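Right, one structure below, let's go through it.
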Amino acid sequence: MALEIRSLWLMPCPEDEAFLASLIGELAARFGTPNFAPHLTLRGDTNAAFEQLHDDARAAAAAMQPFTEPITGIETTQAFFRAFYLRFAASVPLFGLKRRLDPQETERFMPHVSLLYGNLPERVKAPASVEFGQRLAGRRISFDRICVVRSGQDIPIADWTIQASVALGR
């Protein structure tokens, strides 16, 4: 039996999720890139058992109330999964969740919500980055749940699926 690769995602509240999904869809249509659910990865690409990840998500969610974070910037890189993203500070709630759910990776934690996946030249992304920076100036995003997700670099993005969702504060 093949190993299932999963991730733990922090999800925006429904209103912010819909807003971010519309931005992802807009960029996907503009640049011909994949569409995907907006999320902040707390633990990526692990073959840990579903039950363990679900238990970890429940414990972390029970210890954290929903919270809101300001967007600190719009950034781009040449990394496929961070081609164009919203950056957040490593705040107490975000860092606390990362430390609890993926302690081995806390030093490299860079909280972000990607808006575009792909290998596009910087000259193509730069104008959109300026435009979205203006559109999103002063915006805050509320997070309200942790999800166990079947996803990974070797799983087609269209096949990523949420397997469980746990509300923060429960």
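Under the rule of at least 5 residues apart or a separate chain, name every residue whose amide H is placed under 5 Å from the amide H of H39. When sequence neighbours closer than 5 places are left aside, the close amide H contacts are S114. Computed from Cα atoms, the angle from the helix 92-101 axis to the main principal axis of the chain rounds to 50 degrees.
For the chain, which whole-number percentage of the solvent-accessible area (1.4 Å probe, protein heavy atoms only) is attributable to carbon and sulfur atoms?
Values: 4270 of 8320 Å².
Answer for the chain: carbon and sulfur cover 51 percent of the accessible area.
Under the combined filter of DSSP loop state and at most 13 neighbouring Cβ atoms within 10 Å, the range 101-167 retains none of its chymotrypsin sites (Phe, Trp or Tyr not before Pro). Mean projected area of the convex hull spanned by the Cα atoms of the range 1-153, taken over all viewing directions: 9.2 nm². Close amide H pairs (under 5 Å, H built 1.01 Å from N) link Q163 with V148, V149, R150, residues at least 5 positions away or on another chain. Relative to the longest principal axis of the Cα atoms of the chain, the long axis of helix 50-62 makes an angle of roughly 80 degrees. Amide H contacts of F84: T77, L115, L116, each under 5 Å away and 5 or more positions distant or on a separate chain (H built 1.01 Å from N in the peptide plane; Pro and chain starts excluded).
What number comes out for accessible area per residue over the chain if the probe is 1.4 Å? Units Å², please.
49
Adding -39500 (n - 2.57) for every DSSP H run of four residues or longer, then dividing by how many residues the chain holds, sets the calculated 222 nm ellipticity at -10500 deg cm²/dmol.
Here the relative contact order of the chain, from alpha carbon pairs under 8 Å that lie six or more residues apart, stands at 35 percent. Taking 7 Å steps out from each Cα toward its Cβ at T72 and E51 produces label points 3.9 nm apart. Kindly write out, for the range 157-168 in residue order, the coupling ³J(HN,Hα) from the Karplus curve 6.51 cos²θ - 1.76 cosθ + 1.60 (θ = phi - 60°), rounded to whole Hz, with x marking Gly and Pro. In residue order, the calculated couplings are 4, 5, 9, 5, 9, 6, 9, 7, 9, 10, 5, 5 Hz.
So for D55, D154, D144, what's the accessible-area order with a 1.4 Å probe, most first? Write out the running numbers ahead of the final one.
Working: D55 75, D154 150, D144 35 Å².
From most accessible down to least: D154, D55, D144.
Calculated FRET efficiency, R82 to S22, Cβ-Cβ distance, R0 = 25 Å: about 0.80 to the nearest 0.05.
The values are calculated or read from the model by the stated rules, or taken from the named source; none is laboratory data. All of these numbers come straight from a predicted model, not from anything done at the bench. Quick reminder, even Gly has a Cβ in these numbers, built from the backbone with ideal geometry, and neighbours come from all protein chains shown. The area values use the complete protein model at the heavy-atom level, side chains included, leaving out ligands, DNA and RNA. Shrake-Rupley method; radii C 1.70, N 1.55, O 1.52, S 1.80 Å.
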